[in-house]
Amino acid sequence: MLKILNRFLQNNNGVLLMYLLLLFPMFWWLWSITLDGTDAKYVSARAKTALNRAVKAAVLAIDKEKLACGSIFIDNSNSRANFDRVLTLNLGLREDYAPAGASPLQDAPEILNYYVCQGPCPYTYNYLLGDIKNIAYTFEDPGVFALIRVRYKHKFTGKIQDIYVYAAAEVVSD
């Protein structure tokens, strides 16, 4: 047996084959990690874009009667309806937030915080995310703040990663 192994290692083709057999699993592992990381980054960017659009749509729900009197007031119920509609359309979700066929998500996103700031402005809104991160946003005008959590399951490793995304928009008044 030792004689066969010695002859195999003395041949250049045998050494090359042995290197390839040792390096192939490492390359496969690195490739899978790269694909998982890229896919998680795509889901995060898609969720951020969808949340930005949803918050901007929510801000547009201005009460027309109060606007006629010269004050800017965001209608809470219409604001939340606009937010839900735009978020579900941009993330490919059903009305109950369950992912549809075209959704990049595997689970329904969780809305952790939805806040409508009516004033007085400037107002700093603080939200403590767990024990570690404090998210603060200063409203200069009336606006909307939203925070969602998207769960991403890595395809190769099976690890579940929580992606937190927040956005804010304001009605700019001059």
(Q) Just to check your reading of the model, which residue among 82, 113, 52 is open to solvent by less than 30 Å² (accessible area, probe 1.4 Å), modelled with pLDDT of 80 or more and not charged (D, E, K, R)? (A) 113
**Q.** Checklist (1) part of a helix (DSSP H, G or I); (2) loosely packed, with under 14 Cβ neighbours inside 10 Å; (3) among the polar types (S, T, N, Q) applied to residue 44, failing item
**A.** (2)
Q: Taking residue 157 as the residue in question, decide whether it is under 24 Å from residue 37 (Cβ atoms), hydroxyl-bearing (Ser, Thr, Tyr) and over 12 Å from the mean Cα position of the chain (by Cα).
A: yes
Q.
Can you report the number of residues in the range 80-118 which are free of Cβ contacts under 8 Å to residues at least 40 places away in the same chain, in a loop (DSSP other than H, G, I, E, B) and of a type in the set (S, T, N, Q)?
A. 1
Q | Residues within the range 55-79 that are touching a residue at least 40 places away in the same chain (Cβ under 8 Å), more than 30 Å from residue 161 (Cβ to Cβ), open to solvent by 40 Å² or more (accessible area, probe 1.4 Å) and outside any loop (DSSP other than H, G, I, E, B), tallied | A | 2
**Q.** Residue tally, condition open to solvent by 10 Å² or more (accessible area, probe 1.4 Å) and part of a strand (DSSP E or B), over the range 143-174
**A.** 12
Q. What is the one condition in (1) under 27 Å from residue 133 (Cα atoms); (2) out of contact with any Leu (no Cβ under 7 Å at 6 or more places or on another chain) that residue 91 does not satisfy?
A. (2)
Q) Condition test on residue 123, is it closer than 22 Å to residue 72 by Cβ and either in contact with a helix residue (DSSP H, G or I) (Cβ under 8 Å, 6 or more places away or on another chain) or open to solvent by 60 Å² or more (accessible area, probe 1.4 Å) (or both)? A) yes
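The values are calculated or read from the model by the stated rules, or taken from the named source; none is laboratory data. Note that this is a predicted model, so its numbers are computed, not measured. Neighbour counts are summed over all protein chains in view; Cβ atoms, including those assigned to glycine, are modelled from backbone coordinates with ideal geometry. Accessible surface areas use protein heavy atoms only, side chains included; no ligands, DNA or RNA. Shrake-Rupley method; radii C 1.70, N 1.55, O 1.52, S 1.80 Å.
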